[in-house]
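Trainee: Can you read through this structure? Questions will come right after.
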Amino acid sequence: MSIKSKIFILLALLGVLFVAVNVAIQYQCILPGFKTLEQRESEKNLNRAVKAVERDLEHLSLLCYDWSEWDDTYDFVADGNQEYIDSNLVLTTFTHNRLALLYIIDRSGKVIWGKIYDKEIEEFITLPDFPEDQWPADHPLLGHRQPESVLNGYLMTSGGALTLSSRPILPSMGDGPIRGTLIMGRFLCDNCIQMMREQTQVDLNVWSFNCDTLPPNVCLIKDQLTPRQPVLFQENDKVTFGYTFFPDIFGSPAMILQVATQRDIFNKGLQVLKANALGTSIAALATILFLAFLLHSIISKPLTALETTLQYISRSGTLQQVDEKLLTHDEIGMLGMEFNRMIIRLQNDLERRKQAEQALAAKETHLNTLLSTAPDGIVTVNHKGIIESANRAMELISGYGTTELLGRHLLFLIPARYQDAVKQEVNVFIAGSETSLGRQGMEITAMRKDGSELPIHVLACTMDIDQKHKYACFIRDISELKELHDNLLRTRHLAAIGEMGASIAHEIRNPLAGISGAVQVLVENAPADSPDLHVLNEILQMASRMESSVDQMLEFAKDWNPEITRCDLVELIDTIIREARINKDLKNATIYFKGPEASPSWVDPVLFSQVLVNLLHNAAESFDGPGEINCLLERHDRETIITLQDNGAGMTPEVLAKVFKPFFTTKIKGTGLGLSICQKIIEKHGGSITLSSTVGVGTKAVITLPGKKLQIS
């Protein structure tokens, strides 16, 4: 057996041993870790489902609190007035609040008003668990002795599982004697369970503990659930089931909760380990083949290459080197290197000539590349002003192709109204006189192929080629530079306005405070029937408006330095909109929000909230009646875009062009600084804010924020 064969067999045995040890370690140490992770995921899902059920009970308790500590409810227990029933105890109260039960009972147990609504059949029903006329005074749901007393829990009824909340009926201030008890309840129906699934993104099911239609596996598990062991888990090849139960208000088991978690982690881990075992086997095989190939390359291949080269020279008489890539650093390699040195001496002259030719070609390529990649447009013209060459940048600036530029006069790129002045400047330059065109260049308005105009800077110089005068023109597009200059002027203008506004505000604030205080004293001392009281109140209102205007001016003059932090923009916007929905100033607006599950962004939460609230108020003020505001958040690779679209009255183009200007407003009581402040805040974040509007259709505001943290100096 040859040495090559023996080495190959030894390598094969080592590869098999390596694969076996690697697979054993993964299955004994790594796979149990996947199972542990899966168990934790099941526990998290079960806890999330439990919190969803408890959260629904908390929401019901809060609703019951709002009704129980209400002067109207407190009076209704005493007088049972029909107006309260017509306004509040109607079908929409049950449907809008997902209520199934609402009872108002006085201290003696008499039912002042009470009904049970079944949403599935859309009818009011009766249940023997809830008397319609008189309750026992010692009923557990009526046992409220203190104003802060509350009873929340679950109850199994003949109509199904019911979540209940019971609170004492008190005045709005919560300081009067208890007049009775308010009881609210919700059936734990399929719609409620589906809502919990959507909120938690967990596959959960809830059944009555003594339901006759429990699935077989749930029937087996419910007997094992006790207060000492309230949670159990079962698993099969595909799913892990988690179980727990909820007691009713009397302490007996009421409901059983099941959460199903797919065993994706364990199964995926098992697949990964199998794939890894296969990959390890393939890698081991590849390593064995590579080592065998390496042995062949080190010894056999160099000898074969040297032998083949010598045979070629012997047969053809043409000099040829041995490929140095096939030579090794040993005796065989030294023999091949010495042979190549001999061949090199004979090939030096030819090689030098080839190198000179290549250097010349490289220099020409370098010059052509430099000309074509120059950022400025470069054209050469003859003494008549005819274009003879143009680079790629000139094509981009003018919109014309090179073939369209060649042979035409340079002035065809200048609008007709400027051609006479430019022609005069060019003629002076060609005549050899001093002109700005040849010293520092000059700014000219050019015309592109599509008819649009743009500002350019042109610098010319004279060249002598073949004893003839030629002229090179270096042309730069300065439209962005001019835009930056205009923005700088606008910024300085706004800063000046801000400084002036701050100065005026400080001068006004102290006298205004004195006026308000003096008028307030006059109001307090004036008789209730004084004819001057109305005038004094109007003075106070006008002073308050002036104080608000002063505050707005100081706010505008402030040099905003946002305290930018990383926060979830989706959560922040959702919080702002939830607070806006209960704001009385936005009562006519229905606000919708759509976005991803999360959007980590770098913003100042307080300042961003100020901007969004201002935009929501502006949108709401454009409604003649009820209206809608749609908020959309879109996250891209480099920026985040927030869009607010309303269906209000809209704005004319004339108004839209001025909305960001300080002190411009269409409101009777406005200061015209709200949108200017919003613009400053967003620009300090490194973003932008734009408005578009159509009269009778609505207005859209678009806020663009950078995708990464802005470094504020």
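Trainee: Note down the net charge around ARG197, summing +1 for each Lys or Arg and -1 for each Asp or Glu among other residues with Cβ under 15 Å from its Cβ.
Mentor: Within the 15 Å Cβ shell, the charges total -1.
Trainee: What are the ³J(HN,Hα) couplings of region 234-239, residue after residue, when phi is run through the Karplus curve with 6.51, -1.76, 1.60 and θ = phi - 60°? Round to Hz, x for glycine and proline.
Mentor: Result, ordered by residue: 10, 9, 10, 5, 10, 9 Hz.
Trainee: Which ³J(HN,Hα) values, rounded to whole Hz and listed in residue order, are derived for region 398-408 from phi using the Karplus coefficients 6.51, -1.76 and 1.60 in 6.51 cos²θ - 1.76 cosθ + 1.60 with θ = phi - 60°, glycine and proline given as x?
Mentor: 8, x, 9, x, 4, 5, 6, 7, 4, x, 9
Trainee: If you take all C-alpha pairs in region 422-463, what percent of them are over 16 Å apart?
Mentor: Tail fraction, whole percent: 40.
Trainee: Sorted by accessible area with a 1.4 angstrom probe, largest first, how do VAL606, VAL379 fall? Working shown, then result.
Mentor: Working: VAL606 110, VAL379 0 Å².
Result, largest first: VAL606, VAL379.
Trainee: Run through every distinct alpha carbon pair of region 157-291 and return the Kirkwood hydrodynamic radius in angstroms, one decimal place.
Mentor: Hydrodynamic radius (Kirkwood, Cα only) of region 157-291 equals 19.4 Å.
Trainee: Rounded to whole Å, give me the distance from the Cα center of region 1-50 to that of region 88-146.
Mentor: 62 Å
Trainee: Given a Förster radius of 41 Å and the C-beta distance between GLU579 and GLN262 as r, what FRET efficiency does 1/(1 + (r/R0)^6) yield to the nearest 0.05?
Mentor: Rounded to the nearest 0.05, the efficiency is 0.65.
Trainee: Express in Å², to the nearest 10, the accessible area of GLU654 obtained by rolling a 1.4 Å probe over the protein heavy atoms while all chains stay in place.
Mentor: Surface open to solvent at GLU654 totals about 120 Å².
Trainee: OK, next. Can you list residues whose amide H is under 5 Å from ARG263's amide H, if they're 5+ apart or on another chain and H is modeled 1.01 Å from N?
Mentor: VAL239, THR240
Trainee: Students sometimes get this wrong: rank ASP376, ASP133 by accessible area, probe 1.4 Å, all chains present, largest first.
Mentor: Descending order: ASP133, ASP376.
Trainee: D for region 587-652, whole µm²/s, Stokes-Einstein with Kirkwood Rh over alpha-carbon pairs at 37 °C and 0.692 mPa s: what number?
Mentor: 250 µm²/s
Trainee: With every protein chain in place, what's the accessible area of HIS139 (1.4 Å probe, Å², nearest 10)?
Mentor: About 40 Å², rounded to the nearest 10.
Trainee: Residues with beta-carbon under 15 Å from that of SER693, excluding SER693: net charge, scoring Lys, Arg +1 and Asp, Glu -1?
Mentor: Every neighbour counted, the sum reads -1.
Trainee: Here is a further query. Quantify, in whole percent, the carbon and sulfur part of the accessible surface of region 1-72 (1.4 Å probe; protein heavy atoms only).
Mentor: 65 percent
Trainee: In what sequence, largest accessible area first, do PHE293, PHE124, PHE266 appear using a 1.4 Å probe?
Mentor: Largest accessible area first, the residues go PHE293, PHE124, PHE266.
Trainee: Then there's this: Give me the distance in nm between label points sitting 7 Å out from Cα along the Cα-to-Cβ direction at SER314 and GLU58, one decimal.
Mentor: Reported label-point gap for SER314 and GLU58 is 9.4 nm.
Trainee: When the accessible area of region 100-191 is split by element with a 1.4 Å probe, what percent falls to carbon and sulfur?
Mentor: The computed percentage sits at 47.
Trainee: Now a separate question. Could you work out the local net charge near ASP75, counting Lys and Arg as +1, Asp and Glu as -1, over the other residues with Cβ closer than 11 Å to its Cβ?
Mentor: Numbers: positive: ARG179; negative: ASP71, ASP72, ASP79, GLU83.
With Lys, Arg at +1 and Asp, Glu at -1, the neighbours total -3.
Trainee: Heavy atoms of the protein only, probe of 1.4 Å, neighbouring chains included. What is the accessible area of VAL202 in Å², nearest 10?
Mentor: 10 Å²
Trainee: Solvent-accessible area per residue for region 558-605 at a 1.4 Å probe radius, Å²?
Mentor: Result: 62 Å² per residue.
Trainee: How much length would be gained if the chain were fully extended between TYR418 and VAL272, taking 0.36 nm per residue of separation minus their Cα-Cα distance, in nm to one decimal? Could you put the intermediate results ahead of the total?
Mentor: Values: separation 146, 0.36 × 146 = 52.56 nm, distance 7.28 nm.
Length gained, TYR418 through VAL272: 45.3 nm.
Trainee: Using only the C-alpha atoms of region 39-174, find the volume of their convex hull and express it per residue in Å³. Walk me through the numbers on the way to the answer.
Mentor: Details: hull volume 19.0 nm³, N = 136.
That works out to 139 Å³ per residue.
Trainee: Take the alpha-carbon positions of region 114-235, form their convex hull, and give its projected area averaged over all directions (one quarter of the hull surface) in nm².
Mentor: 11.0 nm²
Trainee: Put a dot 7 Å past each Cα toward the Cβ at ARG341 and GLN321; how far apart are the dots in nm?
Mentor: Label at GLN321, label at ARG341, 1.3 nm between them.
Trainee: A follow-up question, please. Using each residue's phi in region 140-155, evaluate 6.51 cos²θ - 1.76 cosθ + 1.60 at θ = phi - 60° and report the 3J(HN,Hα) Karplus result to the nearest Hz, with x for Gly and Pro.
Mentor: Ordered by residue, 3J(HN,Hα) equals x, 6, 9, x, 9, 10, 10, x, 7, 5, 8, 10, 10, x, 10, 8 Hz.
Trainee: At a Förster radius of 22 Å, what calculated FRET efficiency corresponds to the Cβ-Cβ distance of GLN234 and ARG197, to the nearest 0.05?
Mentor: 0.65
Trainee: Something else now. With N denoting the number of residues in region 175-216, provide Rg(C-alpha) divided by 2.2 N^0.38 Å, to two decimal places.
Mentor: Normalised Cα radius of gyration, region 175-216: 1.84.
Trainee: Moving on to the next point. Just tell me which lysines come within less than 20 Å, Cα to Cα, of LYS661; anything on the same chain fewer than 8 places away is out.
Mentor: Within the straight-line limit of under 20 Å, LYS661 reaches these lysines: LYS558, LYS669, LYS680, LYS684, LYS700.
Trainee: Within region 609-637, what residues put their amide N at less than 17 Å from the label point 7 Å along the Cα-to-Cβ vector of TYR592?
Mentor: 620, 626-634
Trainee: Using only the Cα atoms of region 143-206, construct the convex hull and provide its projected area averaged over every direction, in square nanometres to one decimal.
Mentor: Computed as one quarter of the Cα hull surface, the answer is 5.9 nm².
Trainee: Here's a follow-up. Length gain on complete extension for the stretch ARG48 to LEU533, per 0.36 nm per residue less the alpha carbon to alpha carbon distance? Before the final figure, lay out the partial values.
Mentor: Numbers: separation 485, 0.36 × 485 = 174.60 nm, distance 6.01 nm.
The ARG48-LEU533 span can extend by a further 168.6 nm.
Trainee: Let me ask something else about it. Under a 1.4 Å probe, what is the accessible area of region 380-470 per residue, stated in Å²? Before the final figure, lay out the partial values.
Mentor: Working: 5340 Å² over 91 residues.
Result: 59 Å² per residue.
Trainee: Grab the beta carbon distance between GLU563 and SER688, set R0 = 25 Å, and tell me the FRET efficiency rounded to 0.05.
Mentor: Approximately 0.75, to the nearest 0.05.
Trainee: Pull up all non-local amide H partners of HIS685: gap of 5 or more, or a different chain, and H-to-H distance under 5 Å with H placed in the peptide plane.
Mentor: none
Trainee: Another question, then. Which residues' amide hydrogens lie under 5 Å from the amide hydrogen of THR157, considering only partners 5 or more residues apart or on another chain, with H built in the peptide plane?
Mentor: Amide H neighbours of THR157: LEU162.
The values are calculated or read from the model by the stated rules, or taken from the named source; none is laboratory data. Nothing here was measured: the structure is a model prediction, and the numbers come from that model. Note that each Cβ is placed from the backbone with ideal geometry, even for glycine, and that neighbours are counted across all protein chains shown. Each accessible area value is taken on the protein alone, full model and side chains, heavy atoms only, with ligands, DNA and RNA left out. Shrake-Rupley method; radii C 1.70, N 1.55, O 1.52, S 1.80 Å.
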